[in-house]
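The values are calculated or read from the model by the stated rules, or taken from the named source; none is laboratory data. Computed from a prediction, not measured in an experiment: that's the story for all the values here. For neighbour counting, all protein chains shown are included, and Cβ atoms are generated from backbone atoms with ideal geometry for every residue, glycine included. Accessible surface is based on the protein model in full, side chains and every heavy atom, while ligands, DNA and RNA are left aside. Shrake-Rupley method; radii C 1.70, N 1.55, O 1.52, S 1.80 Å.
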Amino acid sequence: MEQGYEVKRRGSSPRGTGQVGDPGTRALALLMHAAFFLLLGASLTRFLLRHPGETRTPWIIGLSVALAVLYVLGPVLGSRPTPRSLLWLGALVAVWMVLVVLAPSFAWCAVPLFYTGLRILPPRAALALVALLTLFVVAAQLRLADGFDPNLVLAPPAVAAVATAVFVHMQRQAATQAELIDDLLRTRRELAATERREGTLAERQRLSMEIHDTLAQGLSSQQMLLQAADRTWDADPATARRHVRTATGIAERNLAEARRFVHDLAPADLAEGGGLEAALHALATRETAQAEGRLTVRCHVEGTPHTALPDRVQSALLRIAQGALANVTEHAGATEAALTLTHLDDRTVLDIADNGHGFTPATGTGPPDGVRGHGLPAMRARLRQLGGTLTIESAPGEGTVVTAAVPLTDPAGHPGTPPGPLTPQDPA
């Protein structure tokens, strides 16, 4: 029982209203207040009807009014065991005892007082007060009875025990509910914080892939062209100026990409309209022009999509094509490359093939031996987000084919929906 009282202390309202936040406890408090005034009024009425004109009547009326006024002050003082609330409770109980001595019929007002004492006092003090009030009730009932009645001795303790048990149960229920609500709120806060962290990491990874496939590749191409221009500036000024003009074109393209990042992070080629097919054709033309005869890139489209590809699928495939062609330019030593976009019934496939010197694909998920960079892991990460796959076929001296396949629907029938969130810790 004492443990129940300790639980009640933790569940008490911090506002000092004497009620916990549980609706059932508030209802019990209102019921006890109503019962107190009902019992007080009934006891005073009984006394006046049975003892009219007695000399103690003014005292009974005055003490009844004082008891009612004191009781009204209780909610104002609150339910915490402060010196003022303890003084108030002592005065309330003292006035009631005097009334019971003068008129035993006021004894049943003790039931609401049980609740008041249990609500304010520490456990041991509350039990002592309940026992004292019960003794007064038993004594008062015996005074009213014509003779000794065992029921008058047993009934008041039983009522006190029931009242105490109800109070303890209500407080335990309220405290349990409050703890569950606190746990729920804490869990929701932790979940929201975790989701924010995961979202931040996922966005960082996405931005790193976007920058790698666009700005970083463009800057790498500009560096190569400017270095070539520097080497040929004195011997072949025309070729050097051509390299500089090509680097300027790449810089303009990178500037458009950077502005697109600021605007909505969509690929600039897609933002110009025409869809993925037009963007791939533009990419092939641009890469061919930038290579200045060293590399020819062709683009082919096979089949017709039954429905428009989602923007996120188009963006991912275009970025994969950009990254793959950048690898071809920097590492493959190829003279020809082909972009082939194939629309099938259940998936869209993009092949990037070249006739370069090839390599032995790594068995793991990292880049091939001797190849630096973030390209292949970034491609795999993009496709993982779409539920797709990346396949690399290559051998030394036989060129390379990179195949990106994206399903048109997931098992639930949603287009391009990823199987789950991608975090930077996932292998790509």
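Here are some notes:
- Filter result for ARG206 (part of a helix (DSSP H, G or I) and more than 22 Å from ALA316 (Cβ to Cβ)): no
- Within region 210-243, considering residues that are β-branched (Val, Ile, Thr) and open to solvent by less than 50 Å² (accessible area, probe 1.4 Å), the one modelled with the lowest pLDDT: THR214
- Verdict on VAL262 being of a type outside the set (S, T, N, Q), touching a strand residue (DSSP E or B) at 6+ places or on another chain (Cβ under 7 Å) and either open to solvent by 50 Å² or more (accessible area, probe 1.4 Å) or at pLDDT 80 or above (or both): no
- Tally of residues being open to solvent by 40 Å² or more (accessible area, probe 1.4 Å) and at pLDDT below 80 across region 136-153: 10
- In region 374-403, the residues that are part of a loop (DSSP other than H, G, I, E, B) and either open to solvent by less than 50 Å² (accessible area, probe 1.4 Å) or among the hydroxyl-bearing types (Ser, Thr, Tyr) (or both): LEU386, GLY387, GLY388, ALA395, GLY399
- Condition check for ARG206: basic (Lys, Arg) and closer than 30 Å to LEU77 by Cα: no
- Count - residues of region 40-92 that are at positive phi and without any contact (Cβ under 8 Å) to a residue 24 or more places away in the chain: 1
- If the condition is being at pLDDT 85 or above, β-branched (Val, Ile, Thr) and under 17 Å from LEU317 (Cβ atoms), then region 382-427 contributes THR389, THR391, ILE392, VAL401, VAL402, THR403, VAL406.
- Scope region 96-135; condition over 26 Å from ALA27 (Cα atoms) and crowded, with 20+ Cβ neighbours inside 10 Å; matching residues: LEU99, VAL100, ALA103, PRO104, SER105
- Against the conditions (1) farther than 25 Å from GLU252 by Cα; (2) of a type outside the set (Val, Ile, Thr); (3) modelled with pLDDT under 75, ARG196 satisfies every one except (3).
- Only residues that are open to solvent by 50 Å² or more (accessible area, probe 1.4 Å) and either in a helix (DSSP H, G or I) or of a type outside the set (Ser, Thr, Tyr) (or both) were counted in region 332-351, giving 6.
- Members of region 244-254 that are of a type in the set (D, E, K, R) and surrounded by 15 or more Cβ atoms within 10 Å (Cβ to Cβ): ARG253
- Residue count for region 80-95, restricted to those that are surrounded by fewer than 17 Cβ atoms within 10 Å (Cβ to Cβ), β-branched (Val, Ile, Thr) and closer than 23 Å to ALA34 by Cβ: 0
- Candidate set from region 297-313 (those that are open to solvent by 30 Å² or more (accessible area, probe 1.4 Å) and outside any loop (DSSP other than H, G, I, E, B)); member that is nearest to ILE211 (Cα to Cα): ARG312
- For region 52-79, a residue qualifies if it is surrounded by 15 or more Cβ atoms within 10 Å (Cβ to Cβ) and over 60 Å from the mean Cα position of the chain (by Cα), and the qualifying residues are THR57, ILE60.
- Here GLY370 passes the criteria (1) open to solvent by 30 Å² or more (accessible area, probe 1.4 Å); (2) modelled with pLDDT of 50 or more except the one numbered (2).
- Listed by first and then second residue, the pairs with beta-carbon distance under 6 Å, at least 6 apart or on different chains, first residue in region 164-190 and under 22 Å from ARG119 (Cβ atoms), second open to solvent by 40 Å² or more (accessible area, probe 1.4 Å) and basic (Lys, Arg), are ALA175/ARG10.
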